[in-house]
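Presented below is the structure to which this report refers.
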Amino acid sequence: SAEPEIARLNACGVVPVVVIDDVEVAVPLAQALLAGGIDVIEITLRRPAAMAALETIAHKVPEILTVAGTVVTPGQVSDVKQAGAQAVVSPGFSELVDNAMRAANLPWLPGVATASDCMRAVAAGRLTCKFFPAEQAGGTATLKALSGPFPQMKFCPTGGVSLTNLGDYLALKQVICVGGSWLVPGDAVAERNWAKVTQLAKEARETVAALRG
Ligand code: 3PG
């Protein structure tokens, strides 16, 4: 894709999928990721604090690319745009959200897991998608099978991805990056253990660098 935001996800290789319960952690969390070499963050809309966290990071930590995740309704699209999201990820595909994303004019990675999902995404011109839930939907074998009929598609596999299997995904040429929550464990956030987040980010970035040579 020609979109610079997608190029940044690709360059980073790993996208931390983050659940934030308390807006107070937003800035130190984003800074901890940056310190470990990760300059993208997906903030999922799963808690009341998510929108404020997104807005805070977008304004106070401009070095990190802010991605809104778990966007499932058209109303959330305008809200995250207003909050300063630079890209949007959804767990699935819907024409309603596709239309809202067109109006918002932000890059969008809809989620796909089946051939029918891919047909709808391709019909809408959405060629870069989240593959979700990656491991539960059959992992690399399913992804390779989907690339048969859809060779033009690129994917960000997410769901059950971690340091132990990210190499299997990144080895596939149709994979631009992987996403996952393993990079920001809930207990590390609860304990404000930013050194741990930085260490996990470093490990992931070193693994990506080693795989890409
Ligand atoms: C997501 O929405 O992308 C998933 O919750 C992330 O999956 P994981 O927790 O298995 O990494």
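Each residue of segment 127-139 was assigned a 3J(HN,Hα) from its phi angle through the Karplus expression (A = 6.51, B = -1.76, C = 1.60, θ = phi - 60°), giving 9, 10, 10, 6, 9, 9, x, 3, 5, 5, 8, x, x Hz with x at Gly and Pro. Scalar couplings 3J(HN,Hα) for segment 194-199, obtained by applying the Karplus form with A = 6.51, B = -1.76, C = 1.60 to θ = phi - 60°, are 5, 4, 5, 4, 4, 5 Hz; x denotes Gly and Pro. For the chain, lysine pairs separated by 8 or more sequence positions, or belonging to different chains, with Cα-Cα distances below 27 Å total 15.
For residue 131, the amide hydrogen comes within under 5 Å of the amide hydrogens of 112, 156, 158, counting only partners 5 or more places away or on other chains and with H modelled in the peptide plane.
Under 5 Å from the amide H of residue 40 lie the amide H atoms of 65, each residue being 5 or more positions distant or on a separate chain, with H modelled from the backbone and absent for Pro and chain starts. Taking only alpha carbon atoms, segment 165-213 gives an Rg to Rh ratio of 1.05, where Rh is the Kirkwood radius.
Grab the DSSP H runs of the chain that are 4 residues or longer, score each as -39,500 (n - 2.57), total them, divide by all residues and round the 222 nm result to the nearest 500 deg cm²/dmol. Let's see the in-between values first.
On the way: 10 runs with 97 residues, N = 213.
When only DSSP H runs of four or more count, the value is -13000 deg cm²/dmol.
Whole-percent P(r), the chain, all Cα pairs, 5 Å bins from 0: 1, 8, 17, 20, 21, 17, 10, 5, 1, 0. For segment 168-177, 3J(HN,Hα) computed residue by residue from phi via the Karplus equation (6.51, -1.76, 1.60; θ = phi - 60°) reads 4, 6, 5, 6, 8, 5, 7, 9, 8, 5 Hz, glycine and proline entered as x.
All of the numbers you see were taken from the coordinates with simple rules; none came from a lab. Note that the coordinates shown come from a computational prediction; the quantities given were computed from them, not determined experimentally.
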